[in-house]
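Here's the structure, in structure tokens; my notes come after.
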Amino acid sequence: LGLIREHGFLGHDIDIDLGINAEDFNFENFLRIVSTSTEFVMRKIDEQIEISRNAENGFLFQKRICLIKLIHVSGINLDIFIHYKDGCMRWHGSTIHRWENKDFTLTPSILEGVKVLCPSDADTYLTENYGDWRTPKYDFNCSTDTPNLVITRNFLSIAIFLKRLAFQMSTDQEQGLKFLNMLIKNRLIEQTDKGIRVRKFI
């Protein structure tokens, strides 16, 4: 977003986000390098658990590393998102989030004098992630303002989003309605003639 819209870093952003395609990432090598680094400290590793059902109606659990959080000696936070290919889509996320994009190729560019790779079709990628990306928005919420958010199919993600909905509806109705519409779009909640109810999600 900074590269394409601002031709540099976003002035109001305080961390650095990077993406690595899963097929190009070796986690064991990465851990070995970070563990001996004097520049970075590992802060957190997020794993996403996807729950589905098998033929006997039991639960299947698939766990994947999706986000690695580092802190640089300068104090800057660095988030490394692992991007997984799923059919014609490519997704990245956190423990509770999953953002999906059409699969994309990369093209080289320069950001503040540093060689970087970015999606070749930047307009499509940014529109999927931000909607109207050309207009700066300083209160962007990654849970309600991202058009490409898909709720992760695990119990923790569902519980957190329902808890957030209850909190927002009691404190900020406008934000609560945004949460409600996002949950309806993701088919976690449905509206009936008797009100709203949680769908069978997993």
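One table, with the values for the structure above:
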read-out	value
Meets criteria (in a loop (DSSP other than H, G, I, E, B), in contact (Cβ under 8 Å) with a residue 60 or more places away in the chain and either open to solvent by less than 50 Å² (accessible area, probe 1.4 Å) or farther than 23 Å from THR95 by Cβ (or both)) for ARG153	no
Of residues in segment 67-99 being touching a residue at least 40 places away in the same chain (Cβ under 8 Å) and touching a helix residue (DSSP H, G or I) at 6+ places or on another chain (Cβ under 8 Å), the one most open to solvent (accessible area, probe 1.4 Å)	LYS85
Among (1) loosely packed, with under 15 Cβ neighbours inside 10 Å; (2) outside any loop (DSSP other than H, G, I, E, B), the one test that ALA55 misses	(2)
Looking only at segment 157-202, and only at residues there that are in a strand (DSSP E or B) and of a type in the set (Val, Ile, Thr), the one that is least open to solvent (accessible area, probe 1.4 Å)	ILE189
Sole residue being in a loop (DSSP other than H, G, I, E, B), open to solvent by 50 Å² or more (accessible area, probe 1.4 Å) and basic (Lys, Arg), chosen from ARG32, ARG134, ARG64	ARG134
Residues being under 25 Å from PHE61 (Cα atoms) and touching a helix residue (DSSP H, G or I) at 6+ places or on another chain (Cβ under 8 Å) - total across segment 163-181	1
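The values are calculated or read from the model by the stated rules, or taken from the named source; none is laboratory data. Since the model is a prediction, treat every value here as computed from it, not as a measurement. Cβ: placed from backbone, ideal geometry, glycine included. Neighbour counts: every protein chain shown. Note: areas computed on protein heavy atoms with side chains; ligands, DNA, RNA excluded. Shrake-Rupley method; radii C 1.70, N 1.55, O 1.52, S 1.80 Å.
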